[in-house]
Amino acid sequence: MNAETTTNAVHCSAIRKSFGSGETRTEVLRGIDFTASRGEMTFLVGPSGCGKTTLISIIAGLLTADEGHVSLFGEDLSALSPREQILFRRRNLGFVFQQYNLLPSLTAAENAAVPLLAAGMNRKTAVARASEMLDQLGLGHRVSAMPRVLSGGQQQRVALARALVHEPRLIVCDEPTAALDHKSGESVMNLLATSAVHPDRAVLVVTHDNRVFHFAHQIAHMDDGVITHVEQQALNSRLQSSPS
Amino acid sequence: MNFVAFRMLIGDRAKYLGLIFAVAFSTFLLENQTSIFANLMKRTGNQIGDVTDADIWVMDPQTRYFDETKALKDTDLPRVRGVEGVDYAVRLFKSNPVARTESGTFAACSVIGIDEATLAGAPRRMVLGDWHDLYKPNSIIIDKAGYLMLFPDQPLELGRVLELNDHRVTLVGISDAMPAFVSFPIVHARYSEALAFQGRQRQQLSFVLVRAKPGIDHDTLAARITSETGLKALTTDQFRAASMRYYLANTGIPVNFGITIAVATIVGLVVSGQTFYLFTVENLRQFGALKAIGVTNLRLLAMILLQAAVVWFVGTSFGTALTATFFNITLQKVATRHMVLLWESAAGVAVFMLIVVLISSAAGLRKVWKLEPAEVFR
């Protein structure tokens, strides 16, 4: 399959994954078929322990499936060597974590610049580009701030800048609003919808915060290791124009 | 990413200073104890090294070190002189009479009796006076530390009178002798006068000092003297080493210092190692996030090694500076004069601390290496 022509950003087929062995063996994913398209925000929702995090870990190449195939933008991840997977991830994926995972000793701009630094870009250029990204996300005035002086919403915006700065093709977000109050969560989701969604990019969000479901183009409901049903949502006026 | 590693390291000041302190403290302990031990052992041969007129020391075969001698016979001197390759051979007598000053201060001394005619074996480094004045009757030279012991808080002054086993002698010079292992005042006198201080014994010759003829190999000559006279003949370096070996083998000093050094080593390993290991482990989540973002294990290895190198360099530098300051202060005191931080000790400890830091970073690195990047989602 040609990586540039496929409309699917993420395609999973018959994914199975279990942990442990013998009597303690637990099958977490039990034959998942799943697709996420470019230019869309796809939510994976479901109760705790249903396998959402395991599934995005496999999609992001952080875990290996026991069975099944994952392809991202037409590239079969299982065909890549471990090193090629890392390089693929570095080039094509951006991450937003529930606990932000910012480096506490780096400024906001330096944190946002980490993917560029990891790719070998020199520090000055990387930090300048990260500062521009922070500016686009409404944090231009806090580029030199340390994470400890930023609010939860601001820290998540820095994490978003870090996920976007190297222009990846897939953004993977794990419970991006779980640690935020409703207003901050809404603001972060707004930014995600306005800044991250792009015709050549897909956004995959794991959440069980039903207050933000209206941002999704597609919602895949999971339960007990399988996708029970998928809803398509029409775009509406949910997006607000400016971040708060 | 080196910049990220460096900022991760120094970002938490308390942790960073804790790491530096642990390495610096261990470095200080190890350099301090190993240097004092080595300096102390060096002192066991200092009186031998101070005699610059001898290439070879001849002694009774049962004599093992400088401070405990079995006397030679007077006839041994001409026998040694008769060995081919000997330029000259002179007597040296060593005893430990008690010196008493007019004020009543007294101390056991290490008296060196040197050849009457040549004054071979006289101290050459003088603080005050001239060693040639030993030719004067009833004259002695005393080392500066000994002078300060017998005449505390008094200025250095020649012409002072003191008694050595009831013999009145006049101070004609103050030498700058290297400190001996035993902190007795070191007194130099002519041979006949040194014998008189001690009192008559049947045999009184402690050593024969030999100067080799130019071009004669000292080891070869020492071996020849031994084979022709049956006496023990050692070069200056060999005799210093033999004296040091005696103290190492027959005193509790190596055990005492060994225990202290072992404790310092364990403290170094445990404190420095554990602190650095915990530093890495506490940052596991951050390393996990970096792995997820696409930083390779090799890059993380380089980052941790950079952190280890910085901690090692700053910590050992600071510890070495502390040790140097310590020795600079103690250098001014009479009892600890000439005790210095040895470069061998500094280099050895630096290598040891590097190994400690590398081992502890390897332990932390193992965790980072095996860390599943998916852990950051948990």
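No value in this document is a laboratory result; all are computed from the given coordinates. In this text the structure is predicted, and so the values were computed from the model without any measurement. Don't worry about glycine lacking a Cβ; one is built from the backbone with ideal geometry, like all the others, and counts go over all protein chains shown.
Using DSSP, restrict attention to beta bridges with both residues in the protein assembly as shown and report what percent are antiparallel, rounded to the nearest 5. Counting only bridges with both partners in the protein assembly as shown, antiparallel ones make up about 70 percent.
What trypsin sites (Lys or Arg not before Pro) in the range B:111-194 are in a loop by DSSP, with at most 16 other Cβ atoms within 10 Å of the Cβ? Walk me through the numbers before you get to the answer.
On the way: sites: B:Arg124, B:Arg125, B:Lys144, B:Arg160, B:Arg168, B:Arg190; in loops: B:Arg124, B:Arg125, B:Arg160.
Here the trypsin sites (Lys or Arg not before Pro) that fit, given the DSSP loop and packing criteria, are B:Arg124, B:Arg125.
Note on the protein assembly as shown: percent of Cα-Cα distances in each 20 Å bin, starting at 0 and stopping at the bin with the largest distance, equals 17, 31, 17, 15, 16, 4, 0. Amide H to amide H, with H built 1.01 Å from N, A:Leu44 comes under 5 Å of A:Val205, A:Val206, A:Thr207, A:Ala220, counting only residues 5 or more places away or on other chains.
What number does the range A:1-106 give for Rg over Rh if you use C-alpha atoms and the Kirkwood radius? Radius of gyration relative to Kirkwood radius: 0.99. Compute the acute angle (0 to 90°) between the alpha-carbon long axis of helix A:152-164 and the principal axis of greatest extent of the alpha-carbon atoms of chain A; round to the nearest 10°. Computed tilt is about 70 degrees. Of B:Asn39, B:Asn256, B:Asn138, the residue with the greatest mean-square motion in the GNM of chain B, using alpha carbon springs below 10 Å, is B:Asn256.
Please identify, among B:Asp60, B:Asp74, B:Asp50, the residue showing maximal mean-square fluctuation in a Gaussian network model of chain B using a 10 angstrom Cα cutoff. Comparing B:Asp60, B:Asp74, B:Asp50 in the GNM, the peak value goes to B:Asp74. With R₀ fixed at 41 Å, the C-beta to C-beta distance from A:Val230 to B:Lys367 puts the FRET efficiency at about 0.55.
Taking every eigenvalue of the Cα gyration tensor of the range B:73-230, multiplying by 5 and rooting it, what semi-axes result, largest first, whole Å? Mind showing how you got there, number by number?
Working: eigenvalues 196, 54, 34 Å².
Taking √(5λ) for each eigenvalue gives 31, 16, 13 Å, largest first.
Structure remark: mean-square fluctuation, Gaussian network model of chain B, C-alpha springs under 10 Å; the largest value among B:Arg13, B:Arg43, B:Arg240 belongs to B:Arg13. With neighbour counts taken as other beta-carbon atoms within 10 Å, the residues B:Phe239, A:Phe213 rank, fewest first, as A:Phe213, B:Phe239.
For the range B:157-273, what is Rg from Cα atoms divided by 2.2 N^0.38 Å, rounded to two decimals?
That works out to 1.60 for the range B:157-273.
The trypsin sites (Lys or Arg not before Pro) of the range B:65-111 that meet both conditions, a loop assignment by DSSP and at most 13 other Cβ atoms within 10 Å of the site Cβ, are B:Lys70, B:Lys73.
Among the lysines of the range B:73-230, pairs that are 8 or more positions apart or on different chains and have alpha carbons within less than 25 Å of each other number 5. Please check which bits of the range B:165-197 a label hung off B:Leu128 would reach, taking the label as a point 7 Å along Cα-to-C-beta and the cut-off as backbone N under 12 Å. Residues passing the 12 Å test: B:171-175.
Taking the DSSP bridge list for chain B and keeping only pairs wholly inside it, about 75 percent are antiparallel. Is chain B rounded, prolate or oblate when judged by the Cα gyration tensor, a ≥ b ≥ c being the square roots of its eigenvalues, rounded requiring a/c under 1.5 and prolate requiring a/b larger than b/c? Here chain B falls in the prolate category. Each Cα pair under 8 Å and six or more residues apart adds its sequence gap; the mean of these over the residue count of the range B:73-230 is a relative contact order of 35 percent. Taking Cα atoms only, the orientation of helix B:253-267 departs from the longest principal axis of chain B by about 10 degrees.
Tell me what the protein assembly as shown gives for mean residue ellipticity at 222 nm when only DSSP H runs of n ≥ 4 count, each as -39,500 (n - 2.57), the sum divided by the residue total, rounded to 500 deg cm²/dmol.
On the way: 20 runs with 256 residues, N = 622.
The per-residue figure over the protein assembly as shown is -13000 deg cm²/dmol.
Could you give the distance between the Cα centres of the range B:1-67 and the range A:1-64, to the whole Å? Here the answer is 60 Å between Cα centres. Gap in Å between the Cα centre of the range B:211-253 and the Cα centre of the range A:189-218? Spelled out, the Cα-based centre of one part sits 88 Å from the other.
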